[in-house]
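A short write-up of the structure that comes next.
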Amino acid sequence: MSHTTRKGGGKKLQLEESQDGKYVLKLYVAGMTPNSVRAVENLRRICEEHLRGKYDLEVIDIYQQPELASSEQIIAAPTLVKKLPLPLRKFIGGLSETEKVLVGLDIKRGKTKACRPT
């Protein structure tokens, strides 16, 4: 679902909302480098295991579509951008640390450290 609202001097601001709580993910890769291939494989595995049917994934090669990387201010590849649900988050690297990715995507809660009195 998309909504258009006006903000400031008549400029349109496009706001996207995920339908049915879907995750909207964009993975920016640099061609078929080993790190990029690994990131795609790791992310697809994570999504299928934890978000089956609840995600939209777009893989973008920054060599073929540099304007998209520029508009998202992507400075390294691979980079995963979680657009929705908010908050927006960016992850850089091969996404091999599954637990960290799950916590970062708000799929799983991180371990909290108990505070010790001093």
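No lab work stands behind these numbers, since they all come straight from the coordinates. For clarity, every value in this text was computed on a predicted model and none was experimentally measured. Glycine gets a Cβ as well: all are built from the backbone with ideal geometry, and neighbour counts include every protein chain shown.
Observations
- If R0 is taken as 22 Å, the Cβ-Cβ distance between residue 99 and residue 76 corresponds to a FRET efficiency of 0.55.
- Antiparallel content of DSSP bridges confined to region 20-104, in %, to 5: 55 percent
- Contact order relative to length of region 20-104, as percent, for alpha carbon pairs under 8 angstrom and 6 or more apart: 43 percent
- Label point distance in nm, residue 90-residue 68, each placed 7 Å from Cα along Cα→Cβ: 1.6 nm
- Among 24, 37, the order by Cβ neighbours within 10 angstrom, fewest to most, reads 37, 24.
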